[in-house]
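Beneath this line is the structure, given in structure tokens, with notes to follow.
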Amino acid sequence: MGSEAALLLWVVMVAAVVVGGQSKFMVYNTSHTIVSGKLNVHLVPHTHDDVGWLKTVDQYYVGSNNSIQGACVQNVLDSLIPALLADKNRKFIYVEQAFFQRWWRDQSQAMQLVVKQLVSSGQLEFINGAMSMHDEAATHYIDMIDQTTLGHRFIKEEFNVTPRIGWQIDPFGHSAVQAYLLGAEVGFDSFFYGRIDYQDRAKRKNEKSLEVVWRGSKSLGSSSQIFAGAFPQNYEPPSGFYFEVNDASPVVQDDPDLFDYNVQERVDDFVAAAVSQANITRTNHIMWTMGTDFKYQYAHTWFRQLDKLIHYVNLDGRVNALYSSPSIYTDAKYATNESWPLKTDDFFPYADRDNAYWTGYFTSRPALKRYVRIMSGYYLAARQLEFFKGRSKSTNTDSLGDALAIAQHHDAVTGTEKQHVANDYAKRLSIGYKEAEQLVSSSLACLVEPASGREKPTTKFQQCPLLNVSYCPASEAHLSEGKSLIVVIYNSLGWKREDVVRIPVFNEDVTVHDSEGKEIESQLVPLVEAYVSLRNYHVKAYLGHTPTQTPKYWLVFAVSVPPIGFSSYTISSAKKPGSSSSRSSVYTFNTSEASTVEVGQGNLKLTFSTEQEKLTNYVNSRSLVKETVKQSYGFYTGYNGSSDKVPQNSGAYIFRPNGTFIIKPEEVSSTIVRGPIIDEVHQQINSWIYQITRLHKGKEHVEVEYIVGPIPINDGTGKEVVTQITTAVDNNKTFYTDSNGRDFIKRIRDYRADWDLNVNQPVAGNYYPIQGKLYFRIDPLGEGAKWRRSYGQEIYSPLLFAFSEQDSDNWINSHRPTFSGIDSSYSLPDNVAIITLQDLDGGKILLRLAHLYEIGEDKDLSVLTNVELKKLFPGKEVSRSNELLDTSQASWLVDNSVISYIICRLMFASQISKVTETSLSANQERRVMEKKRLVWKVEGPSSENDDSKLSRGGPVDPAALVVELAPMEIRTFIIDLVPNLVSSV
């Protein structure tokens, strides 16, 4: 044992020395384990450490800014270790890896050895194991996977253990995707959570159904079900059993020579609380969560009392108390061979009392929510480009990955944090983006360079993070004689993509050429004043000053981009009359004019009434769908409940409206913009709401983009702005919302499947999480899934733009104008997406393939499908030899410009040497995970629980290398590539 560990033990021994003549050292028996035939009270010491909330993540870690909240995670972990060393029976669980990893990096090798021994013995257990305890409403499933993977792989690499238990005790409602995807599919044996509707909790207490088998996926069925449990109240101890310094609960005073001796009183309190919980819990095992937010800052105060309670409660003998963990508790539950109620949907929306629906946070801090989502799609694309170039220690995607992981926390992307904390999250994302931006630019430069120039790539790319507010310095440059703007457009999806792009420009007479040098059709759309003011506001915040010039137009053109690859487009001054972009026709009319106007050039056409409050006719000539659609804006006034008997305001967490008010439109003009590629209808709804309805040539959906704000508050009233889309579709109060961008959950207004809902908030109780810009399409029954699924991937993974100014017009001939990272004859099936392609250390690749369709969702695409790995990684079939250099040997060369070409082209001279399927979080082999998986019994007739018709993809043949995916499967692989650097040159 190292000197530091020896010192810790010495401190513990000194603390045990008795001072005083008559006192004697007391040894508490804490060695008790499970006792059959008795009520077993599993005491689980824990702390819940928010990765930012009232303070920033750094402030919470070091314990600064304590005038806001007295919390220091560093103190928790520092005091925990000697407390565990003092008694081998003590246990503790730790959750948030964003904090633990910081602390771990600061420790000496001796201390790290001590901690590893505590983990190995089971005294310290990592539960959940993700970087943060992510939200389950505003998060996307890919972000949930990524941030969990970061934590799980660290734990595996440092401690060689895999977390067994899901622990989402504080998020504000719980999703079905969390249960099966971030539960069963990451190898968890159980999943515990804290917040369910107060009416649901009351019913479950009466039925002893707080603990269930949760089957969250109708496509995967019992193969991804998990044992799941909600706590009787929250994730805190029973009342009267809080033992942090200065907590009000009475301690166990067991010295008869002192006043206030209370052992029997405390034992009686313990037994009463245990029996009360046992009355609402099945089996003779109950769990007490002994801790709460930022507790155990002086861990000895807790463990001293827990030692005494275990000792004296077990001497009493009525119940059995023991140090435990969620893993031990889960195994004990499983050993009872009990059958459990079945849960199949989710726990949204969540209310903790009559007028407190936690649906307000679905829209809190929308700018941060958008920033997280945009950075998520960018991170996916950046990791692909990092794979093509090869990982570098100096410029990589790690910082962005860490920032995104922290931003998934349930007080981050939710918008429920303080303003300075929200600023901190955004700052971290910005720093991560700048590093990833450098990587993306250098990777693209490497890929576009001709063979003769790849040793020292000369192409310099710029990107435009503020393109959404029409600010892009690279595209706004005035194209002088002989100058051209090269736009490289990268597609991170696994199939060819046809889309329409827009970039701001100054020049009126411009022309666009594609990757083959052919002139293509383009359109100039005027930049409206609503965009200009928005642009100036954000650019000033970004740069510190207002831009001196404003572009006049959006340049719009159609692009075609290969899978996992890019296409190049050249924008230059028109060289001959008639060759420049088409100008849009613009017609402005006042709302007082009574007329109709039609837009749309393909199968889909919309007919607008120029009179406000009139319906829009939606006609698709291909599907023969005709429908009337009305869109209106309104707002709910926030409720001021300060003077109520039970105070409850509307706010960042809670949506509590005080009536409904429709915005009365002002007498303002509307504008129709038409052109060969897009048609737009611009509407000024009122002085602070502006909307653009857009139809693309060849597309069959409507895109609605809106600018809301600044919302007027001079009347002292908070406002929740909503848009309402009304159709004549008779849906009988039934609709569907997505679950973390993955599954779709059936909803019925004012109805809950699990209990008879007492409707007290008919508005707030029917809101569910979705995201920003609106896209709508009306299809015949049973035909909508294909558009919803495929276009949903395109929304999540937008095209990535990189710009470079060139002096000559033969750039296309002197560079690589187009590129695809997969075999030129291959693209992924329409029902499969690559959600992770990431370069790992040691020549390994992390690959995730996701089937996009639920069972029965589409007659053609909700089926078993195949992916050919050899065509995803098209390398030369070469044998191993001494000339082959693996990535671990080559990693030091990544930043050496002399052979940057070799690293960039590594994939094309590789063969797959090994494919290992893993759990979703890539921390254990799938076959090992499945072998140790606990199979839980479910209540009810066997016919109700039969899912024998559901399927899973089979194992990967090491020779054929074909992956099968069943509906909604995500399969994760670690792939070893053998590079042949010599042949690639």
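Working ranking of peptides 685-695, 216-226 by packing, defined as the average number of other Cβ atoms within 10 Å per residue, highest first, is 216-226, 685-695.
Of the peptides 185-197, 947-959, 793-805, the ranking by mean beta-carbon count within 10 Å, highest at the top, reads 185-197, 793-805, 947-959. Contact order, relative form, for the chain: 14 percent (alpha carbon pairs under 8 Å, 6 or more residues apart, mean separation divided by residue count). Counting only DSSP beta bridges with both residues in the chain, tell me the antiparallel percent, nearest 5. Close to 80 percent.
If you take all C-alpha pairs in segment 586-793, what percent of them are over 20 Å apart? So the portion of pairs separated by more than 20 Å is 66 percent.
Relative contact order, whole percent, for segment 656-796 stands at 16, derived from Cα pairs under 8 Å and 6 or more residues apart. In this structure the amide hydrogen of VAL512, modeled in the peptide plane, comes within under 5 Å of the amide hydrogens of ILE520, none closer than 5 places in sequence on its chain. Modelled label positions at THR737 and SER64, each set 7 Å beyond Cα in the direction of Cβ, lie 3.9 nm from each other.
Among 41-50, 94-103, the peptide with the highest mean count of other Cβ atoms within 10 Å heads the list, and the full ranking is 41-50, 94-103. Near ASP293, the amide H atoms lying under 5 Å from its own belong to HIS48; only residues 5 or more places off or on other chains count, and H is placed 1.01 Å from N.
Using only the heavy atoms of the protein chains and a 1.4 Å probe, how would ASP398, ASP730 rank by accessible area, largest first?
On the way: ASP398 65, ASP730 140 Å².
From most accessible down to least: ASP730, ASP398.
What part of the accessible area of the chain, given as a whole %, is carbon or sulfur when the probe is 1.4 angstrom?
51 percent
What's the center-to-center distance, using Cα atoms, between segment 640-684 and segment 121-187 in Å? Result: 36 Å between the Cα centres. Counting only lysines at least 8 places from LYS786 when in the same chain, those with an alpha carbon closer than 24 Å to its own are LYS218, LYS496, LYS605, LYS626, LYS697, LYS699, LYS733, LYS746, LYS773, LYS859, LYS949. For segment 182-306, give the share of DSSP beta bridges that are antiparallel, in percent and rounded to the nearest 5; count only bridges with both residues there. That works out to approximately 50 percent antiparallel.
Amide H to amide H, with H built 1.01 Å from N, LEU840 comes under 5 Å of ILE845, LEU846, counting only residues 5 or more places away or on other chains. Cα convex hull, the chain: 188 Å³ per residue, rounded to a whole number.
Solvent exposure of the chain amounts to 41 Å² per residue of accessible area, where only protein heavy atoms count and the probe is 1.4 Å. Short-range pairs are left out: with C-alpha atoms under 8 Å and at least six residues apart, the relative contact order of segment 735-885 is 18 percent.
The values are calculated or read from the model by the stated rules, or taken from the named source; none is laboratory data. Keep in mind that what you see is a predicted model, and the values were worked out from it rather than measured. Every residue, glycine as well, gets a Cβ built from its backbone with ideal geometry; the counts of neighbours run over all protein chains shown. Note: accessible area is taken over every heavy atom of the protein model, side chains too, but ligands, DNA and RNA are not part of it. Shrake-Rupley method; radii C 1.70, N 1.55, O 1.52, S 1.80 Å.
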